[in-house]
Structures are given as structure tokens and as C-alpha cells.
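Colleague: My questions will all concern the structure given below.
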Amino acid sequence: MKTVVKNIGLLATARGKEARKGREQGEIQQIAGTYIVIIDGRIATVGGEHTAPDPMICEDATIIDAGGALVTPGLVDAHTHLLFAGWRQKELALKLQGVSYLEILKQGGGILHTVNATRRATPADLVAAGQESLGRMLRHGTTTCEVKSGYGLTVEDELKSLAAVRELNGLQPVDLVATFMGAHAIPVEYQNRQQEYVRLVCDEMIPAVAEQQLAVFCDVFCEDHVFNLAESGEILACGRRYGLLPKIHADEITPLGGAALAGEVRAVSAEHLIYADDKGLAKMAASGTVAVLLPGTSFYLGEDFARARAMVEMGIPVAIATDFNPGSCPNESLQLPMNLACLKYRLTPAEVLTAVTLNGAAALCCAHDRGTVEEGKAGDLVIWQAPDLEFLFYHWGVNLVKTVIKGGEPVL
Ligand code: NIG
Ligand code: FE
């Protein structure tokens, strides 16, 4: 199957097969007036300074006319909790009264509310809900996304959730990468028996997830009143022994030292990092850990914004993701986080583009395969209702996606 995307006004893309860090995070390629040929789902040609290929090449191809618009790689959302039942709009009133996120969780609400609903949900319910969210993601330009479990918190319900992710992967165009996150909260039945829950995660959940090959990564919510540093380290080490690569929710609400732990266990990525200190960040820089920053969550929880600028200067590759979940960030679109990354983190449009494409892919260990528009990579593109990259960061709060191409096929 061959697809030609012609009449591209501007192609903007990072380059390479690895995370970009430091000055390189903002060094992207921009080609005015070009075309792209995709064969069997892979990018075969990037046209240089021609807006259409040889007519012979077009003969047996599906032709998509970009109409002079901006084209970028498909967006990679490297951090979501999209598989759940149990939205939490009722918590909005509490939030407006000033009750904090961790306070709501301590009262048995928050994540635990969603856990109750997810346990009651059938696999078919979860798949249907996931499909709705993924449809919204796709319409906003996401072509690859990570999905964490963590609303089951029993062996059976964690496996049910990850099996639903596997099913969803084959049902719709967005490619999914699964993360096991049994250590997302302490379930009610284990309150005051935290160590026993850690044993359940390590001795039963992780071996079962690995045996059924249901996840690539293992993640932990390392936070005050959730999992402490020692427990987080133990769970991540156990995951690694079973072939699940470490990720960690670190220093989101309190400065616990999660960033340093991420560096010590050579985590693929550390997420949130709002209160990460310089020592922790230096360890992450040394271990090549990707910082997955979630500005939508800072916005929605009224938290501070992570020190993205400092992280780039320290040579940490920065990715931006949605954190889509029913509590701290009920939003599937990467476009508002992109705007926030520019305006609140003070990253340049080029740095943000790298953060939501190549560096997002690096956080999912698939930067060799996607995240840039280069020959051999996946034919995942977004055609925008925008003439240039700056426009995406300027015209905000609306969906600027015109067309999404996934593996060479127009899916929107
Ligand atoms: O990344 N921090 C922990 N987990 C999610 C929130 C999940 C929820 O509130 O349901 C997060 O913000
Ligand atoms: Fe999260």
C-alpha cells in the first residue's frame, strides 16, 4: 500500500532514533514545501524541496493533499491512565472547597473511587470506555500512547485491565504500550497492611503480568501516604527481574526523593517531577532517564509547574504527556499540555514538538521506530489547521488537527 502526502506547506520534525537532550531538544528540521511517500506503513521518501513526487510514483498511490498546511509526526502521549470506569466529576465541588487531592484519597475517594468502579466493570465495559477516550485522543493528533493499569489493585482486576488494553490495541488505530501499575494506591482492604500489599504486587501481580506478557513497563506512585522510597525501589527492582522496565511517578506532590531513585534504578522515565531537587535531577541526567512532564495536571490540581527549563539545561531529555486520568487530569488532548509547556515551562515550540514526538517515543523505548518523519520510521503524521509550528502555540484551546495519518492510512 502506498500513500503520497503532497502539497505540504511546512514539515516540522525532530530527527534521530534516540531521545534529544540539552540544546538538541530544540534543534528540529523544518522543510517548506515538500511531500512524503509512505509504503506499507513506513516512510519511504521525504521529498526535499518538491511539493509532489514524480507522477509515476503517484499512479498507484492514495493521494492526500495537505493544502499547504503544517505537517508533524503523529503525537506520542507517553503517560496516561486511560483504562478505567468511574469518572469523578463529583470531586469538583470538594476541590473548589479547597480539599486537596491527597486528602480526598485519604478519605477513600480519589483513585479508590475509580478502583471500585473499575473492579465492578466487565472487560467489555472497560474496552468500550477506552475506545471512546482513544477516539478523542486520535482526533487530537495522538497516534501512539502509553496506558497504565492501576485501578484494579487485585491480581484478577489488574490482569483484566491489562488484557483490555491488549484488546483495545487491535480495535482502533492508536498504538498502545502497556505499563503495569499495581502500585498506584493502597486498596482499602490493605489499609494498615501496606507491606502485605507490596508483597502481593511483587510476589503475585508482577510474575502474572510478565508470564502473560501484558506489559512492557512497571510504574509506582512514589508519594507521601502512597508508596515510600524503599517500597518503590523494591517494586521496581522486582519488575526489572521479570523484564518490566522501570518508570516512576516521582516528586509530584511532596519532595520525597523519587527523582534520585529514578536515577539510581536507571528508570526509563520519571514522571511529574514538580518538586524534584537538583541532586535528584543530576542523577537522572547521569542515567539518561527521560523526564515525562505533565503540565495539564499542574494546571488542574493548581500545583506548581515542573522546572522544565532547568531540566533541559541539565541535559535531561524532556517529554510532555497528558496524564489523562479521571482525577488529576481528565483531558485526552495533548494540545493544551503543549500550550502550557510553552507558556508556563518556557519551552520553545521546537522543544515542545520534540517533547511530544521523539522524546515521548523514547520514554516508551520506541524512538528507533517512530517520533520523527524520516525514512524507515512509522508513517504516522498529523496535518494541522496551521501554517507553521508557532501557530499551534498561539491559537489555543481549540482542536487544530485537520487529518491524522496512521501507518500511511488516513484515519481522520
Ligand atoms: O498521575 N499520581 C497518580 N496517578 C495519577 C492520578 C490518578 C487518579 O487520580 O485517578 C496521576 O496524576
Ligand atoms: Fe500518572
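Colleague: Once Rh for the range 147-209 is found with the Kirkwood sum over Cα pairs, what is the Stokes-Einstein diffusion coefficient at 4 °C and 1.567 mPa s, in µm²/s?
Modeller: Details: Rh = 12.2 Å.
Taking Rh from Cα pairs, D becomes 106 µm²/s.
Colleague: With just the Cα atoms defining each centre, how far is the range 102-168 from the range 364-381? Give it in Å.
Modeller: Value for the Cα centre distance between the two parts: 27 Å.
Colleague: Can you give the accessible area per residue of the chain, in Å², using a 1.4 Å probe? Mind showing how you got there, number by number?
Modeller: Values: 15530 Å² over 412 residues.
Dividing the accessible area of the chain by its residue count gives 38 Å².
Colleague: Continuing with the same structure: Quote the relative contact order of the chain in percent (integer), defining contacts as alpha-carbon pairs under 8 Å separated by 6+ residues. Each step should come with its number before you reach the end.
Modeller: Working: 1026 pairs, mean separation 91.5, N = 412.
Contact order relative to length: 22 percent.
Colleague: Rounding to the nearest 20 debye, state how big the charge dipole of the chain is about its Cα centre with +1 on each Lys and Arg Cβ and -1 on each Asp and Glu Cβ.
Modeller: On the way: 35 positive and 49 negative charges, 58 e Å.
Dipole of the chain, to the nearest 20 debye: 280 debye.
Colleague: Kirkwood Rh over Cα pairs of the range 322-389 into Stokes-Einstein at 37 °C, 0.692 mPa s: D in µm²/s? It would help to have the intermediate numbers written out before the result.
Modeller: Numbers: Rh = 13.4 Å.
The estimated diffusion coefficient comes to 246 µm²/s.
Colleague: Between ALA310 and VAL398, what is the label-to-label distance in nm when each label sits 7 Å out along the Cα-to-Cβ direction?
Modeller: 3.8
Colleague: Let me ask something else. Based on alpha-carbon centroids, what's the gap between the range 191-217 and the range 246-277 in Å, whole number please?
Modeller: 20
Colleague: Let me ask something additional. Antiparallel DSSP bridges in the chain: what percent, to the nearest 5?
Modeller: On the way: 23 of 55 bridges.
Around 40 percent of the beta bridges assigned by DSSP in the chain are antiparallel ones.
Colleague: Considering only C-alpha atoms, what is the centroid distance from the range 308-330 to the range 73-101, in Å?
Modeller: 15
Colleague: Can I ask one more? So what is the relative contact order for the range 212-253, in percent, with contacts set as C-alpha pairs under 8 Å and at least six apart?
Modeller: On the way: 52 pairs, mean separation 21.5, N = 42.
That works out to 51 percent.
Colleague: Quantify, in whole percent, the carbon and sulfur part of the accessible surface of the chain (1.4 Å probe; protein heavy atoms only). Kindly include the intermediate steps, with their values, before the conclusion.
Modeller: Numbers: 8050 of 15530 Å².
Its accessible area is 52 percent carbon and sulfur atoms.
Colleague: Would you calculate, for the chain, the mean residue ellipticity at 222 nm contributed by helices, counting each DSSP H stretch of 4 or more residues as -39,500 (n - 2.57) and dividing by all residues, to the nearest 500?
Modeller: Numbers: 17 runs with 143 residues, N = 412.
It comes out at -9500 deg cm²/dmol, rounded to the nearest 500.
Colleague: Quick one: Kirkwood hydrodynamic radius for the range 110-197, alpha-carbon pairs, angstrom, one decimal?
Modeller: On the way: mean 1/r = 0.0734 Å⁻¹.
Hydrodynamic radius (Kirkwood, Cα only) of the range 110-197 equals 13.6 Å.
Colleague: If you place +1 on the Cβ of every Lys and Arg and -1 on the Cβ of every Asp and Glu, how big does the dipole about the Cα centre of the range 300-382 come out, in debye to the nearest 20?
Modeller: Details: 6 positive and 10 negative charges, 44 e Å.
Value, rounded to 20: 220 debye.
Colleague: For the range 123-265, what ratio Rg/Rh do Cα atoms give with a Kirkwood hydrodynamic radius? Before the final figure, lay out the partial values.
Modeller: Details: Rg = 15.2 Å, Rh = 15.5 Å.
Taking Rg over the Kirkwood Rh, I get 0.98.
Colleague: Still on this structure, I have one more. At a Förster radius of 56 Å, what calculated FRET efficiency corresponds to the Cβ-Cβ distance of THR154 and ASP54, to the nearest 0.05? All intermediate terms of the calculation are to be shown ahead of the outcome.
Modeller: Details: r = 59 Å, r/R0 = 1.05.
The value I calculate is 0.45.
Colleague: By the scheme Lys and Arg +1, Asp and Glu -1, what is the net charge of all other residues having a beta-carbon under 15 Å from that of PRO410?
Modeller: Details: positive: LYS2, LYS6, ARG139, LYS402, LYS406; negative: ASP65, ASP380, GLU409.
For residues surrounding PRO410, the net value is +2.
Colleague: Quick one: plug the Kirkwood hydrodynamic radius of the range 200-308 (C-alpha pairs) into Stokes-Einstein at 10 °C, 1.306 mPa s, and report D in µm²/s. Let's see the in-between values first.
Modeller: On the way: Rh = 13.9 Å.
The estimated diffusion coefficient comes to 114 µm²/s.
Colleague: In cubic angstrom, how much convex hull volume per residue do the alpha carbon atoms of the range 279-372 span?
Modeller: Values: hull volume 9.4 nm³, N = 94.
Roughly 100 Å³ of hull volume per residue.
Colleague: Looking at the range 1-139 only, what percent of DSSP beta bridges run antiparallel? Nearest 5 please. Could the numbers behind the result be given before it?
Modeller: Working: 13 of 19 bridges.
Of all bridge pairs located within the range 1-139, approximately 70 percent are antiparallel.
Colleague: About its Cα centre, how strong a charge dipole does the range 1-130 have in debye, to the nearest 20, once Lys and Arg get +1 and Asp and Glu get -1 at the Cβ? Don't skip to the answer; put the middle values down first.
Modeller: Details: 14 positive and 13 negative charges, 163 e Å.
For this selection, approximately 780 debye.
Colleague: Could you rank the peptides 42-55, 7-20 by their average count of other C-beta atoms within 10 Å per residue, with the highest value first?
Modeller: Order by mean packing, descending: 7-20, 42-55.
Colleague: Right, another one. Take the range 253-412, compute every pairwise Cα distance, and split them into 5 Å bins from 0; I just need the percent in each bin.
Modeller: Pairs per bin, as whole percents: 2, 9, 17, 21, 21, 16, 9, 5, 1, 0.
Colleague: Arrange the residues GLU271, GLU374, GLU59 by how much accessible surface each exposes, largest first, with a 1.4 angstrom probe.
Modeller: Working: GLU271 0, GLU374 30, GLU59 150 Å².
In descending accessible area the options line up as GLU59, GLU374, GLU271.
Colleague: Throw me the Rg/Rh for the range 353-412, computed over C-alpha atoms with Kirkwood Rh, two decimals. Don't skip to the answer; put the middle values down first.
Modeller: Details: Rg = 12.5 Å, Rh = 12.6 Å.
Expressed as Rg/Rh, it is 0.99.
Colleague: Compare ALA308, ALA230, ALA215 in a GNM of the chain, Cα atoms joined below 10 Å, and give the one with the largest fluctuation.
Modeller: Comparing ALA308, ALA230, ALA215 in the GNM, the peak value goes to ALA230.
Colleague: To continue, here is another question. If N is the number of residues in the range 1-65, what value comes out of its Cα radius of gyration divided by 2.2 N^0.38 Å?
Modeller: Relative to the 2.2 N^0.38 Å estimate, the range 1-65 comes out at 1.26.
Colleague: Sum up the charges of everything whose Cβ sits under 10 Å from the Cβ of ILE28, counting Lys and Arg as +1 and Asp and Glu as -1, but leave ILE28 out.
Modeller: Numbers: positive: ARG15, ARG20; negative: GLU24, GLU27, GLU351.
Net charge in that neighbourhood comes out at -1.
Colleague: Same structure again: How big is the shadow of the Cα convex hull of the chain, averaged over all directions, in nm²?
Modeller: 18.0
The values are calculated or read from the model by the stated rules, or taken from the named source; none is laboratory data. Model, not experiment: these values are computed from the prediction. Glycine also receives a Cβ, built like all others from the backbone with ideal geometry; neighbour counts cover every protein chain displayed. Side chains are part of the model used for accessible areas, which takes the heavy atoms of the whole protein and leaves out ligands, DNA and RNA. Shrake-Rupley method; radii C 1.70, N 1.55, O 1.52, S 1.80 Å.
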